[in-house]
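Everything below concerns the one structure shown next.
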Amino acid sequence: QRYIVRSAPTATMADESDSPTRLTASPRQLAQMSPSASSRSLSMFAEPSNKAIEDFYQGEDKKAIQDTTYDDLSARYPMMCYCRPEGPVKPCRIRPDGHRGRIPLGRKWLWACPSFGWFALKYMKVGYMKKFYTDAYPQASLGIIAFSSVLSVLIDAFTDPRMATWTDNVKSKYGRRRPFVFFSAFFTPFVFLMGWMPALVSPGIAASIWFGVWHIMFKLADTVYMIPYNAWGAQLTPIYKEKTNVWQWKELFANVGILFGMAVMPLLFVTDQCYSTPDDGCWELPLLSAAFGAIFAVSALGLVRFGKEPSTAAVVAATVASSESDSEEAAVAAEQSKPSGFSEHDPVPMLISTFLNKPFRVLLVTGAAKALGQDIPFNVLPFLTSWVIGEKFFSASTFFGVLVLANLVSGLVAVPLWTRFAACTSKYLAYVCFNAALVITTLSFLVIGYDDGSGTMSYLGLALTAIFGAAYGGAFILSDLVSDVVDYDEFLTGGRRREASYLMAVEFIPKFVSIPGECLPFLMMAYYNYTRPFPSADRPSCGAEFQPAGGVFTPDAFCAAYYSNGTAATKLCGNKACAELVANGVSFVCNDALGECGIQQPAAVRSVLIVCFSIVPCLCVLAGTLGLYFYPRHARSEAMQEKLVACITKVRRGETVEDPWRPGNMVKAQAPPGPSAGTLAYFWPAELKKLAELSCPGQPVNMKVLLPRPVAFTVLHMVLVIPLGLLIVALGMADLQDDLGASVSPIGLMLVGIGVLGAWFDGIRVRAAASLLGKEVLRSEVVAQYNRYCPFTGSPALPEDSSEPASGNSSAWSC
């Protein structure tokens with residue numbers, strides 16, 4: 001093999017820039033030239049197997065990455081370390097041979113550290129808050145909780161695109177991401193803390209509304225923090241394997257946060273008064289939320305203080321891809337297009353262009369299919385432990401913590417294994433295997449049933465949950481793949497970086513699709529007569545030691561006999577007669593782990609829980625896995641991603657190159673946008689092509705051609721979908737105010753949300769077309785905009801017009 005080894009270091013910078021000397025060496029000789037064993041043991045934490053940026057510059061190309069010299073690349077990737085023995089920046093202590101354009105381990109930890117606090121807060125909420133609000137003293141309505149969950153996602157659907165556009169295009173001397181992380185350091189802890197304090201209002205409807213308000217605020221906090229934060233991670237490095245390593249560290253910190261937020265700290269400090277005793281308060285969960293919030297705030301402020309990201313000026317300086325005259329033309333065109341109020345950086349054009357990116361579209365559709373059922377297990381797990389497995393062997397609160405502990409510990413162990421598997425094969429194959437593992441593990445939960453006290457079902461559930469956690473350890477690979485797709489978008493657009501837009505979009509549609517998983521399980525539970533736990537005073541002690549002398553009752557029979565004469569007046573069974581509960585399918589059992597009587601939910605409720613935990617996620621993830629077949633074959637390896645990096649550099653230089661991920665498709669630097677480019681970006685390529693084909697070369701176009709389709713869809717959503725949803729909401733409002741809220745209103749709200757989102761999307765497109773009706777838009781502009789989409793679609797470009805008509809010529813419709 002041929003290896004490149006730099007000449008011995010000299011005292012002058014001029015000598016350092018000399019071409020490297022090519023030597024032939026064996027791997028054994030190279031190993032002998034490496035640092036000492038102790039140094040190697042330290043440097044292994046810096047991922048020495050990752051290729052360094054300097055490796056791309058050891059050929060003749062002095063601007064190998066993004067048409068930027070090695071010395072100037074630090075402006076583009078400031079979180080990387082460019083130390084080397086022969087350079088001006090001396091090697092770091094744990095990397096005697098120099099990082100040479102890698103990210104030091106400490107900087108990866110600095111970026112990943114806020115994930116610990118965020119995910120501890122988030123999954124403590126996911127794991128405990130809904131059960132706390134329904135079964136403990138808030139006594140919230142399941143229907144209102146479901147309604148609030150739907151409403152929060154609908155609001156999220158409108159704020160996410162705005163935030164992505166904002167953070168991708170913000171002009172601040174502090175960078176594009178740092179200001180939002182700084183704001184989140186204070187906003188996020190406050191939102192979570194207030195969500196755990198329904199004691200400030202009365203139980204029932206007021207507590208239900210309190211949940212809804214702060215659940216919506218949680219979604220806004222998620223938007224303000226996660227979109228800029230993930231985009232920051234996507235811009236840390238252009239190196240294939242180091243991207244995987246960056247997202248691996250985020251996943252590790254996140255899993256540790258979930259471990260402490262859902263398992264360790266609740267198991268140690270939270271008592272049953274926060275789970276299933278509606279007659280007392282709860283102070284442990286708010287205190288834990290405050291503690292995790294403080295940890296998040298400190299780590300986020302640390303990232304803001306010590307983290308580095310390119311400022312707006314640095315990004316512009318590092319991404320110049322066209323000649324000076326072209327830049328001037330683009331600036332003039334941008335200035336001319338400002339009065340229209342439409343820009344290609346707006347949410348609608350951003351959603352259109354990201355959807356046209358084929359690799360991303362496959363990941364998006366796959367993610368949407370998975371999202372339909374992927375998060376349901378986390379929402380229903382607290383109910384599964386209480387009512388499907390029961391409390392004869394473990395108490396529900398203890399067993400829930402043990403399950404979460406097993407899930408997360410196995411996930412932590414599995415994250416490095418998934419990383420290694422992705423490095424040895426490819427990210428694509430690792431992601432396929434991750435999905436296949438989820439299909440198998442979620443389906444296996446079908447065997448779970450009621451534990452009769454022997455512990456068999458409890459231990460089986462524990463083992464399956466651990467295996468499920470190990471499978472879920474590869475979830476970070478999706479963000480890793482999207483980071484590569486962002487590079488592909490940079491190639492197709494000739495230099496634009498839109499990390500936040502893509503990382504937002506990969507969550508946008510899946511987040512919307514996940515609405516059924518947020519509310520339907522709880523609506524179905526309410527519909528099938530879900531019964532709240534009784535107050536602790538109405539749960540007598542049971543077990544062999546409590547049986548009457550000479551009695552023949554089993555513990556379960558003793559509890560059934562105890563409640564057999566309970567009436568609504570005696571309130572042994574809450575506000576209902578015990579016989580009414582029995583008629584609804586409720587039975588009375590002795591929870592041996594607690595030594596007290598309790599209830600067993602109707603069989604239909606238990607079936608809903610097991611179906612939502614197993615069958616629905618399995619089918620959804622399976623559908624997403626099958627969709628990965630359409631991921632471009634040439635985008636599945638490290639070699640092709642490195643070739644893509646080289647192609648980005650060539651496109652920046654103005655060369656026309658073949659698309660490495662779609663052979664046969666030629667890509668070149670895009671022409672400067674015209675005065676109407678921002679408005680034309682609101683339309684799909686097929687619409688622009690039709691407009692161009694119906695126009696004459698060199699003539700103005702008739703913008704009315706673009707109106708029928710968006711007008712029709714806007715009317716459809718406003719006249720049919722939204723009114724139908726509002727009608728369903730109105731029909732279910734009375735039921736929503738009942739104790740459990742077994743109402744169809746959340747389903748109606750889902751339809752309203754779909755209608756509003758559709759009306760917004762197509763309504764803005766109608767406005768965009770109408771804004772150009774009184775203006776002269778030349779066919780050449782339409783052709784240019786269509787051709788800007790051709791690298792995305794792979795379609796042949798339309799021939800450009802050779803001449804333009806005189807101003808005011810309107811005879812465009814008789815060629």
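Which ones in the stretch 360-371 are crowded, with 22+ Cβ neighbours inside 10 Å and not small (G, A, S)?
F360, L363, L364, T366, K370
Do we find a residue being at pLDDT below 85, assigned to a helix (DSSP H, G or I) and among the hydrophobic types (A, V, I, L, M, F, W, C) anywhere in the stretch 106-113?
No: zero hits.
Tell me the residue from P632, P675 that is more than 30 Å from T385 (Cβ to Cβ) and more than 25 Å from the chain's Cα centre (by Cα), please.
P675
Report yes if G106 is of a type outside the set (A, V, I, L, M), on the phi < 0 side of the Ramachandran plot and crowded, with 22+ Cβ neighbours inside 10 Å, otherwise no.
When the stated conditions are applied, G106 does not pass them.
Inspect all residues belonging to the stretch 732-755 and state whether any of them is within 30 Å of Y786 (Cα to Cα) and open to solvent by less than 30 Å² (accessible area, probe 1.4 Å).
Taking every residue of the stretch 732-755 in turn, at least one turns out to be within 30 Å of Y786 (Cα to Cα) and open to solvent by less than 30 Å² (accessible area, probe 1.4 Å).
Rundown of residues vs (1) among the charged types (D, E, K, R); (2) modelled with pLDDT of 85 or more; (3) touching a strand residue (DSSP E or B) at 6+ places or on another chain (Cβ under 6 Å); (4) closer than 30 Å to A593 by Cβ, yes/no style:
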position: S353; (1), (2), (3), (4): no, yes, no, no
position: F360; (1), (2), (3), (4): no, yes, no, no
position: K392; (1), (2), (3), (4): yes, yes, no, yes
position: S395; (1), (2), (3), (4): no, yes, no, yes
position: A406; (1), (2), (3), (4): no, yes, no, yes
position: S410; (1), (2), (3), (4): no, yes, no, yes
position: L417; (1), (2), (3), (4): no, yes, no, no
position: T425; (1), (2), (3), (4): no, yes, no, no
position: L429; (1), (2), (3), (4): no, yes, no, no
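Consider the stretch 562-606. How many of its residues are free of Cβ contacts under 8 Å to residues at least 60 places away in the same chain, surrounded by fewer than 19 Cβ atoms within 10 Å (Cβ to Cβ) and part of a helix (DSSP H, G or I)?
5
May I ask you to verify whether P161 is open to solvent by less than 10 Å² (accessible area, probe 1.4 Å) and part of a loop (DSSP other than H, G, I, E, B)?
Spelling it out, it is not the case that P161 is open to solvent by less than 10 Å² (accessible area, probe 1.4 Å) and part of a loop (DSSP other than H, G, I, E, B).
Among the residues that make up the stretch 249-272, is at least one of them open to solvent by less than 30 Å² (accessible area, probe 1.4 Å), part of a helix (DSSP H, G or I) and aromatic (F, W, Y)?
Among the residues of the stretch 249-272, not one is open to solvent by less than 30 Å² (accessible area, probe 1.4 Å), part of a helix (DSSP H, G or I) and aromatic (F, W, Y), which makes the answer no.
Is it the case that G453 is at pLDDT 90 or above, assigned to a loop (DSSP other than H, G, I, E, B) and either open to solvent by 30 Å² or more (accessible area, probe 1.4 Å) or more than 30 Å from Q641 (Cβ to Cβ) (or both)?
Criteria not met by G453.
Output the number of residues of the stretch 60-98 satisfying the condition of being basic (K, R) and crowded, with 21+ Cβ neighbours inside 10 Å.
2
Of all residues being open to solvent by 10 Å² or more (accessible area, probe 1.4 Å), in contact (Cβ under 8 Å) with a residue 12 or more places away in the chain and aliphatic (A, V, I, L, M) in the stretch 649-673, which is nearest to A430 (Cα to Cα)? Just the residue, please.
A669
Restricting the search to the stretch 194-226, which residues are assigned to a helix (DSSP H, G or I), closer than 21 Å to A290 by Cβ and open to solvent by 50 Å² or more (accessible area, probe 1.4 Å)?
Within the stretch 194-226, A199, L200, V213, M217 meet the criteria.
Might you check whether a residue that is outside any loop (DSSP other than H, G, I, E, B), modelled with pLDDT of 75 or more and crowded, with 19+ Cβ neighbours inside 10 Å occurs anywhere in the stretch 540-549?
Checked against the condition, which is being outside any loop (DSSP other than H, G, I, E, B), modelled with pLDDT of 75 or more and crowded, with 19+ Cβ neighbours inside 10 Å, the stretch 540-549 yields no hits at all.
Filter the stretch 164-193 down to residues that are farther than 16 Å from C282 by Cα, touching a residue at least 60 places away in the same chain (Cβ under 8 Å) and open to solvent by less than 70 Å² (accessible area, probe 1.4 Å), then give me how many there are. If you could, list the steps in order and put the result at the bottom.
Of the residues in the stretch 164-193, the ones farther than 16 Å from C282 by Cα are 164-191.
With touching a residue at least 60 places away in the same chain (Cβ under 8 Å) added as a condition, the list becomes 164-165, 167-178, 181-182, 184-186, 188-190.
Going one step further and asking which of them are open to solvent by less than 70 Å² (accessible area, probe 1.4 Å), we end up with 164-165, 167-170, 172, 175-178, 181, 184-185, 188-189.
The number of residues fulfilling the criteria is 16.
For residues that are within 15 Å of the chain's Cα centre (by Cα) and closer than 15 Å to L351 by Cβ, scanning just the stretch 486-507, find the one that is surrounded by the most Cβ atoms within 10 Å (Cβ to Cβ).
A500
So S676 passes all but one of these: (1) under 14 Å from A769 (Cβ atoms); (2) in contact (Cβ under 8 Å) with a residue 60 or more places away in the chain; (3) surrounded by fewer than 21 Cβ atoms within 10 Å (Cβ to Cβ). Which condition number does it fail?
Result: S676 fails condition (3) only.
The values are calculated or read from the model by the stated rules, or taken from the named source; none is laboratory data. Predicted model only: the values in this text are computed from it and were never measured. Neighbour counts are summed over all protein chains in view; Cβ atoms, including those assigned to glycine, are modelled from backbone coordinates with ideal geometry. Ligands, DNA and RNA are stripped out before the accessible areas are found, and what is left, the full protein with its side chains, is counted by its heavy atoms. Shrake-Rupley method; radii C 1.70, N 1.55, O 1.52, S 1.80 Å.
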